[in-house]
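One structure is given below, encoded as structure tokens.
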Amino acid sequence: MYSFMGGGLFCAGVGNILLIVSTATDYWMQYRQSSNYMHQGLWRYCMPGKCFPHSDSIAHLDATRALMILSLLACFIGIIIGIMAFIHYSSFDRFDKTFAAGILFSSHVSFLVFLAMAVYTGVTINYYGKRNPPCIFYMCAYRMHECPRSANSH
């Protein structure tokens, strides 16, 4: 039982580290403008050789930041509950701490991250999709072009 709990705590710790990295990174979106690759994250945008903080408060970035920070807090609280379950902390003997930590991880953290990604993706696709054609059409056109040739090779 303790090996499963220890493995769960290890995976939760790794997941929390990955959430921190994904929230802090500047590579939420990468695009090309005038033959230069640029990228932006939740906190700043970068041009070749230089990064700048987002100067104005953009609603979808604020909402995504808030949801990602809430998911980090929920993940951290879940790890604390899991550690308390691991060491049998006496004030929480009335409920199953491992079950509570599992519910906190699986439902709250994943739901908050899902909402953050949905907000960010929905707004950026709505804005940038009007200027750039979706890449999926290029993949479908390539696939349709390749299918007759691959069917004849067998």
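The values are calculated or read from the model by the stated rules, or taken from the named source; none is laboratory data. In this text, all values refer to a predicted model and were calculated from it rather than measured experimentally. Methodologically, a virtual Cβ is constructed for each residue, glycine included, from the backbone with ideal geometry; neighbour enumeration extends over all protein chains shown. Ligands, DNA and RNA are stripped out before the accessible areas are found, and what is left, the full protein with its side chains, is counted by its heavy atoms. Shrake-Rupley method; radii C 1.70, N 1.55, O 1.52, S 1.80 Å.
Output the number of the condition that residue 17 fails; it satisfies all remaining conditions of (1) modelled with pLDDT of 90 or more; (2) closer than 21 Å to residue 124 by Cβ.
(2)
Report, by residue number, each residue of the range 1-21 that is within 18 Å of residue 71 (Cα to Cα) and either small (Gly, Ala, Ser) or free of Cβ contacts under 8 Å to residues at least 24 places away in the same chain (or both).
Those that are within 18 Å of residue 71 (Cα to Cα) and either small (Gly, Ala, Ser) or free of Cβ contacts under 8 Å to residues at least 24 places away in the same chain (or both): 8, 10, 11, 12, 13, 14, 15, 17, 18, 21.
Do any residues in the range 101-127 that are among the hydroxyl-bearing types (Ser, Thr, Tyr) have Cβ atoms under 6 Å from those of residues that are assigned to a helix (DSSP H, G or I), where the two are at least six apart or on different chains, and which pairs are they?
120/64
Please work out if residue 5 is over 23 Å from residue 118 (Cβ atoms), open to solvent by 30 Å² or more (accessible area, probe 1.4 Å), at pLDDT below 80 and of a type in the set (A, V, I, L, M, F, W, C).
Answer is no for this residue.
Suppose we filter 34, 71 for residues that are of a type in the set (Ser, Thr, Tyr) and either in contact with a strand residue (DSSP E or B) (Cβ under 9 Å, 6 or more places away or on another chain) or closer than 30 Å to residue 4 by Cα (or both); which single one remains?
Going through 34, 71 in turn, just one is of a type in the set (Ser, Thr, Tyr) and either in contact with a strand residue (DSSP E or B) (Cβ under 9 Å, 6 or more places away or on another chain) or closer than 30 Å to residue 4 by Cα (or both): 71.
On the basis of being surrounded by 13 or more Cβ atoms within 10 Å (Cβ to Cβ) and among the β-branched types (Val, Ile, Thr), does residue 87 make the cut?
no
With the checklist (1) more than 15 Å from the chain's Cα centre (by Cα); (2) more than 21 Å from residue 104 (Cβ to Cβ); (3) of a type outside the set (Asp, Glu) in hand, flag the one item residue 25 doesn't pass.
Evaluating residue 25 over (1) more than 15 Å from the chain's Cα centre (by Cα); (2) more than 21 Å from residue 104 (Cβ to Cβ); (3) of a type outside the set (Asp, Glu) leaves (1) as the failure.
What number of residues in the range 20-29 are touching a helix residue (DSSP H, G or I) at 6+ places or on another chain (Cβ under 8 Å) and assigned to a loop (DSSP other than H, G, I, E, B)?
Looking only at that region, the number is 1.
Which one of these does residue 110 not meet: (1) open to solvent by 50 Å² or more (accessible area, probe 1.4 Å); (2) within 24 Å of residue 75 (Cβ to Cβ); (3) at pLDDT below 75; (4) part of a helix (DSSP H, G or I)?
Single failed check for residue 110: (3).
Testing residue 17 on (1) in contact with a strand residue (DSSP E or B) (Cβ under 6 Å, 6 or more places away or on another chain); (2) open to solvent by 30 Å² or more (accessible area, probe 1.4 Å); (3) not in a loop (DSSP other than H, G, I, E, B), one condition comes back false. Which one is that?
(1)
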